[in-house]
C-alpha cells in the first residue's frame, strides 16, 4: 500500500537525519514544503521529491555536471492509482495514512472531521484515494510562524521534579520557626 504523504518520522528515516533537524529546518523556513493536518506535520511526497531533485541539481552543478537529474523513484501517481480503488478497514487506512486510528473508528470524530467512509453491510470501509483527497483538502501549508507555535507547545526544558515529603516538611518547619517572634 503506497500513500504519498509522509510523517516527519518517515522523512527523518528516509534522509537519516534527526527529528530535531527537521524541526529546526521548519523553524528556519528551510527544507521541503510541509503541511499541517490538525496537529500533525506532514510532507507530501511530490514536495519531497522536488526538494531532492533541486538538491541533486545543485550538487551536480557544483561538480560541473551539465545534465538533468532524473530520480530513480517510480512515478508517484502510477503507484497510487494501482491501489486506490480498494476499500480498506479503519486499521489499514490508519496505518497507510500514518494517522491515529481513533480518527477513523470513532463516529463522532469522523463526522466532526468530515471523513468520507462507506458502511458495507455493517462493516466500516474507506477508500485510500478519498482519504488522500480529504487530507489534501484539510492540510495547511506550513510556515515558520506555525513552526514557532509548534516549538512553543513542547517544553524546552523538563520541569523541576516534585518535592519529596521530607523537603516539604523541612520547609514548613523552617517557616514555622522563622516566623516566631
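No value in this document is a laboratory result; all are computed from the given coordinates. Because the structure is predicted, anything quoted here is derived from the model rather than measured. Because the Cβ atoms are built from the backbone with ideal geometry, glycine has one as well, and the counts that use them run over all protein chains shown.
At a glance:
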item: Simple spin-label estimate for residue 46 and residue 118 in nanometres, 7 Å along Cα-Cβ; result: 2.5
item: Neighbour-count ranking [beta-carbon atoms within 10 angstrom, fewest first] of 87, 43, 3; result: 87, 3, 43
item: Mean Cβ neighbour count within 10 Å, used as a protection proxy, ranking 118-129, 90-101 highest first; result: 90-101, 118-129
